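Report on one structure; see the data block that follows.
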Amino acid sequence: MEIPHAYVDGSFNSSTGKYGYGVVVIQNGVIIHIESGTAKDQTEKSLRQIAGELKAAIRATEFAVTHNFRELVIFHDYEGICHHATGSWDRKDKSSQLYFEEINRMKDENNLNIIFVKVDSHTNDFFNELADEEAKKGAELSISGSVDKLIKNLKIKVLNDKIKDEISELISFSYIENVKVENTNIDKKLVCDEREKTDRDEVERILSFVEKESLLEYINTLDSNRKTQIIESLWIFIKGKGY
């Protein structure tokens, strides 16, 4: 299966002081994830869109980790996405320091190889423009309309209706049919990966309990199906440890 490609971007709203981020992940020619949001740490708003750029790269990496990818290509137009991650640039502010630590922690803990690719901004690359408009949306800015112009002559494949709806908000009604939901095995794999990640987190939480009473109290809050799933996960964990 093809290595996933993540396009990341950031934006800044000078009127509100908010900065946003956008992430678009493609695998085998299909958009499998799209995301926008506002970075929460407003103490770094003096960095303008750079804080959003760094947040976008973090979110793309978290997506890769959640779905057990071992390689990820990150396309970015801000050079610091690469240089702050590798440590080749000095990290003089809190955002770049935390970015360096978090990216490298996720890489090391999950045996993840990240390839950074610098691209020029606003060069009519559809996925890069899509990440840009998602970042603008996160910063509560008006979109530029570049996605609408580009999709006119394109056929875009997406993983599910949720992603199609997200893109449809950025384009004219007459172009919505240019976005096609692709029925692939990727969707099933992502669902399985989400389940495995949730189960691992649950096992770690159970093992963190010190007192038996606290553990039993927590287990009693779960429904019967979830209890069964956790027992299965614990059984796999125990057998894997050789007990």
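Nothing in this text is a laboratory measurement; each read-out follows from the coordinates by a stated rule. No experiment lies behind these values; they were computed from the predicted model shown. As a convention, Cβ positions derive from the backbone with ideal geometry for all residues, glycine included, and neighbour counts pool all protein chains shown.
Below is a table of values for the structure above.
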{"quantity": "Packing-based order for 73-85, 111-123, 167-179, 50-62, using average beta carbon neighbours within 10 Å, highest first", "calculated": "50-62, 73-85, 167-179, 111-123"}
{"quantity": "Distance between modelled label sites at R205 and K155, nm, 7 Å Cα→Cβ extension", "calculated": "4.4"}
{"quantity": "Principal semi-axes in Å for segment 47-95 [√(5λ), Cα gyration tensor, largest first]", "calculated": "20, 12, 10"}
{"quantity": "Cα-Cα over 20 Å, subset of K107/K136; K18/K94; K136/K164; K137/K157; K152/K180; K18/K164", "calculated": "K107/K136; K137/K157; K18/K164"}
{"quantity": "Inverse mean reciprocal Cα-Cα distance (Kirkwood Rh) of segment 109-162, Å", "calculated": "13.4"}
{"quantity": "Extension reserve of the W235-L215 stretch, reckoned as 0.36 nm per residue once the Cα distance is removed", "calculated": "5.5 nm"}
{"quantity": "Convex hull of segment 91-186 built on C-alpha atoms - directionally averaged projected area, nm²", "calculated": "8.8"}
{"quantity": "Antiparallel bridge percentage (DSSP; both residues within segment 5-181; nearest 5)", "calculated": "55"}
{"quantity": "In sequence order, calculated HN-Hα J values of segment 57-71 (Karplus, 6.51, -1.76, 1.60; Hz; x Gly/Pro)", "calculated": "5, 4, 5, 5, 5, 4, 4, 4, 5, 4, 9, 6, 6, 9, 9"}
{"quantity": "Computed log₁₀ I(q)/I(0) - Debye formula, equal Cα scatterers, no solvent, segment 5-181, q 0.11 Å⁻¹", "calculated": "-0.44"}
